[in-house]
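The values are calculated or read from the model by the stated rules, or taken from the named source; none is laboratory data. None of the values given here were measured: they were computed from a predicted structure. FYI the Cβ positions are ideal-geometry reconstructions off the backbone, even for glycines, and counts take in every protein chain you see.
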Amino acid sequence: RVSEIVISSVKPETLLAGKVIGVTAVGLTQQIVWVGGTIALISARTMLFGAPAIAKAQAAGAAGGFGSNDMLAALVATPWSWVVLVLVLFLLGLLFYGALYAAVGATVGSEQDARQAAFPVVLLLVLTAVLISPTVQNPTSTLAVTMSMLPFSSPIILPIRMAITNVPTIQVVASLAILILSCLGAIWLAGRIYRVGLLMYGKRPTLSEVRRWIFTS
């Protein structure tokens, strides 16, 4: 009922865009807080924990081959071009999955139905997570290159490959182009479903009904 009132003054596509952009902004804010908090804690570790504790921790880290000083140095030495590219991939990935989840949410009327309907989208994320280990082991393999091109996995796989090996520029450009086009397609698809499904009540629509929503003007 609230959605009916909102849609009376706002287009469904505008409402969808607001939801997706809002979720993306929350995710970006969370990442900024995590990274900024990590840098702040490392920089202020002596003041927070005391010099003796820090010296002991550094000795333990040196014995293991990697300490907090190394971590801070790695963060500072990270090229800004890599940071910007990872940020762009993160935002595009959120837009892509946000649009898909919004489309799924518009076709159901209960939380239980939403979990079932979202299973295909979750499966894409699970598949990507499963393939992270093979990518780390061999970042130049055909599997790793292919997964860094597919829109559902490239926001995760491509940064991992870039952190391990030198990824050819043509592959980075192709991955970004495919992901951008896929985001536009997902937003268009979600908008077509959202404008009809948001006001539907009762049983879940069949695939043929959803297809009719998409291609009916």
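If I filter segment 203-210 for residues that are at pLDDT below 70, under 19 Å from VAL20 (Cβ atoms) and assigned to a loop (DSSP other than H, G, I, E, B), do I get at least one hit? Within segment 203-210 (the criterion being at pLDDT below 70, under 19 Å from VAL20 (Cβ atoms) and assigned to a loop (DSSP other than H, G, I, E, B)), the answer is no, since none of the residues qualifies. Kindly establish whether TRP34 is more than 21 Å from PHE152 (Cβ to Cβ), at pLDDT 75 or above, of a type in the set (Phe, Trp, Tyr) and surrounded by 12 or more Cβ atoms within 10 Å (Cβ to Cβ). The answer is no for TRP34.
Restricted to helices (runs of 4 or more DSSP H) entirely inside segment 83-165, those with at least 1 residues that are more than 30 Å from ARG195 (Cα to Cα) are 119-130, 132-137, 142-147, 154-164. A single member of ILE187, ILE170, ILE157 is at pLDDT 90 or above and closer than 22 Å to LEU28 by Cα, and it is ILE157.
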